[in-house]
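A quick write-up on the structure given underneath.
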Amino acid sequence: MKFRRQVPLGHYIVDFYCADVRLIIEVDGGGHIDQESHDAVRSEWLESKGYHVIRFTNDEVSNQMDSVIEVIRDAILKK
């Protein structure tokens with residue numbers, strides 16, 4: 001699967017996007033803790049347009065990469 005970085009979708013820019021399966025990967029840094037409400041609205045809007053959104057923290061990406069890859073792989077296989 002091919003992922004593109006920093007892709008504009010509607011009035012949002014998503015971190016990573018795979019058009020083949022309409023999958024969005026968002027990686028949330030420490031500043032996102034205060035943005036949970038905004039992130040929920042953003043994910044809800046994207047999902048209402050037919051995208052599947054998966055969120056990870058920076059910590060998960062840095063320290064649990066095998067688990068992150070497995071979650072992404074499972075999401076792709078379900079499409």
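Values quoted throughout were computed directly from the atomic coordinates according to the rules given, and no laboratory measurement underlies them. Since the model is a prediction, treat every value here as computed from it, not as a measurement. Note that each Cβ is placed from the backbone with ideal geometry, even for glycine, and that neighbours are counted across all protein chains shown.
In this rough spin-label picture, where each label sits 7 Å from Cα along the Cβ direction, the residue 61-residue 5 distance is 0.9 nm. DSSP beta bridges in the stretch 4-78, what fraction antiparallel, as a percent rounded to 5? So the antiparallel bridges amount to about 55 percent of the total. Between residue 16 and residue 79, the distance separating the two model label sites (each 7 Å from Cα on the Cα→Cβ line) works out to 1.3 nm.
Summing Lys and Arg as +1 and Asp and Glu as -1 over all other residues whose Cβ lies under 13 Å from the Cβ of residue 53 gives a net charge of -2.
With the cut-off at 1.5 for a/c, could you classify the chain from its C-alpha gyration tensor as rounded, prolate or oblate?
Working: a/c = 1.69, a/b = 1.02, b/c = 1.65.
Note, shape of the chain comes out oblate.
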